[in-house]
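Notes follow the structure.
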Amino acid sequence: MSKKLFAQRIGLISLTNFLISLSGIILLPIVTKKLPIEEYGVWVQVGVTISLLPVILNLGLPYAMVRFLAAKTDKKEIQEGFYSVAAIVLLMSITGSLLLLLFSKPLAAIFLGNRVDLVKILSLMIPIVSLNAVCLNFFRAFQHIKRYTFFTFLQTYIMLVLVACFLLSGYGIFEAVLCRLLSQIIIFLLMISLIVSNIGIKIPDFSYIKEYLSFGIPTIPGNLSFWIVESSDRYVIGYFLGLSFVGYYSPGYGLGSLIRMFVAPLGFLLPPVLSKLYDENKITEVKIYLEYSLKYFLMFVIPSAFGVSLLSKDILVSLTTPEIASHGYLITSFVAVSTVLYGAYGIVAQIIVLVKKTKITGSIWLMAGIMNLGLNMIFIPYFGIIGAAVTTLIAYIFAFTLLIYYAFKYLKFNIDFYFIMKSILASIIMSLVIIKSNPVGALNILIVIGVCAVVYFVILLLLKGLK
């Protein structure tokens with residue numbers, strides 16, 4: 001792949017992720033103002049649960065499919081790879097759904113405010129969400145960027161329109177979660193129809209599944225532990241402080257995570273591109289891609305972290321309620337720094353994937369997850385939701401430090417520390433504009449963001465950070 005094509009695809013994925021992030025901003029004032037704070041907390045917990053179960057039930061197979069199918073051209077091998085993964089994932093997800101139904105009452109009592117009806121919807125949603133992950137990763141493996149971006153965009157906005165229409169019409173949390181299920185079903189039917197039309201249908205003989213599982217299963221502890229670092233704090237907050245505080249915590253956390261949109265394109269494009277280059281022994285090109293990917297990411301996320309931290313309270317007042325803003329605005333800065341580390345981790349971790357040492361990342365996140373969960377159990381009862389944000393940052397610092405140590409043993413690429421210092425300096429100067437202007441209202445905030453973007457890139461240019 002040429003650098004020009006790589007840059008174009010980054011642009012397309014970046015635009016899609018911006019629109020997906022924008023959908024969250026559009027939906028946030030609707031769900032926070034139309035639902036009571038406790039029900040908004042339930043809405044958050046539903047999302048957290050949807051993100052958890054496929055991590056376990058998919059057995060790491062969708063990502064393994066990306067690693068092993070990226071270089072395949074034989075139609076029979078592609079059919080075998082896709083359908084064997086889909087069959088195993090479907091079997092596991094149905095098993096998980098049955099267990100969810102079996103324990104629906106205690107789970108609802110602990111996490112969802114005794115809403116057993118929502119647990120039943122979740123049990124229907126898990127197989128569809130799991131299969132959607134397989135289909136999306138099929139497009140990812142073969143770098144069908146337009147299809148991938150179209151379906152991720154469509155899925156997000158179908159849900160947004162359905163949920164918004166029902167909530168604005170006076171319906172509640174049950175209908176909102178039902179809309180989430182409906183959007184997943186629509187997207188699955190569209191994607192599977194397209195895939196079947198392209199590769200046909202085949203009953204798998206599972207001839208490659210052992211290799212896929214040996215790659216995918218070691219990623220489960222790491223992915224689960226990453227989920228613990230990323231999302232388990234909502235469960236702990238809900239248990240110790242109640243669902244209202246989950247509602248206070250989530251918007252500030254989401255705002256800090258907003259800058260994740262800058263790493264999503266790289267996380268999508270790098271695995272298949274780097275796998276192909278590495279398998280062809282083009283190590284120098286691999287290093288160049290990693291170096292410039294990290295630089296691209298930091299160029300945008302460093303000023304974004306400064307900006308979103310300083311504007312957090314004003315943005316939350318505009319998008320949610322004064323009650324949520326006053327409780328949750330301090331969360332944003334901790335999460336923003338954590339997100340910078342998360343993105344850098346995702347780029348450096350490509351080295352571990354290339355050398356097929358996924359047990360390393362699994363071990364790192366296992367340790368980080370245990371540490372994070374333990375600290376949350378200690379900090380949240382005493383320090384509230386701020387304690388959860390602090391423990392998240394500690395876990396990311398720990399994970400990133402260990403990753404650098406192990407990854408660079410296998411393949412070391414250049415990190416431009418001079419550029420990082422220039423970016424931080426330009427961000428500090430940019431921040432003075434925010435502090436001086438102190439914007440109030442959505443329009444003024446948008447104007448300040450635009451001015452700050454210009455100031456940042458002008459300063460970076462003067463510092464010769466851009467070449």
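The values are calculated or read from the model by the stated rules, or taken from the named source; none is laboratory data. Predicted, not measured: the structure shown is a model, and the values here were computed from it. Neighbour counts run over all protein chains shown; Cβ positions are idealised from the backbone, glycine included.
Set side by side, the residues Tyr239, Tyr248, Tyr212 differ, and just one is crowded, with 19+ Cβ neighbours inside 10 Å, within 30 Å of Ile324 (Cα to Cα) and of a type in the set (Ser, Thr, Tyr), which is Tyr248.
When you check Ile360 against the structure, is it more than 20 Å from Val340 (Cα to Cα) and in a helix (DSSP H, G or I), yes or no? So Ile360 passes the test. Of all residues in the range 191-220, those that are of a type in the set (S, T, N, Q) have Cβ atoms under 8 Å from Cβ atoms of residues that are assigned to a loop (DSSP other than H, G, I, E, B) and buried (at least 16 other Cβ atoms within 10 Å of the Cβ), 6 or more apart or on another chain, in Thr219/Gly60.
Of the listed requirements (1) over 30 Å from Tyr289 (Cα atoms); (2) touching a residue at least 60 places away in the same chain (Cβ under 8 Å); (3) β-branched (Val, Ile, Thr), Ile428 misses just one: (1). Where helices (runs of 4 or more DSSP H) sit wholly within the range 211-289, those with at least 2 residues that are modelled with pLDDT of 85 or more, more than 23 Å from Ile352 (Cβ to Cβ) and not hydrophobic (A, V, I, L, M, F, W, C) occupy 219-240, 243-257. For the range 369-388, the condition of being among the hydroxyl-bearing types (Ser, Thr, Tyr) and under 22 Å from the mean Cα position of the chain (by Cα) holds for none of the residues. Against the test of being surrounded by 19 or more Cβ atoms within 10 Å (Cβ to Cβ) and more than 17 Å from Met65 (Cα to Cα), the options Leu99, Leu182, Leu112, Leu168 yield a single qualifying residue, Leu112. Of the residues making up the range 331-351, not a single one is farther than 21 Å from Leu298 by Cβ, in a helix (DSSP H, G or I) and touching a Pro at 6+ places or on another chain (Cβ under 8 Å). Summed over the range 389-408, the residues that are touching a helix residue (DSSP H, G or I) at 6+ places or on another chain (Cβ under 9 Å) and either free of Cβ contacts under 8 Å to residues at least 12 places away in the same chain or of a type outside the set (A, V, I, L, M) (or both) give a count of 7. Residues that are under 22 Å from Arg234 (Cβ atoms) and of a type in the set (Asp, Glu) number at least 3 in none of the helices (runs of 4 or more DSSP H) confined to the range 83-182. Here Cys135 passes the criteria (1) over 30 Å from Lys276 (Cα atoms); (2) surrounded by 20 or more Cβ atoms within 10 Å (Cβ to Cβ); (3) at pLDDT 90 or above except the one numbered (1).
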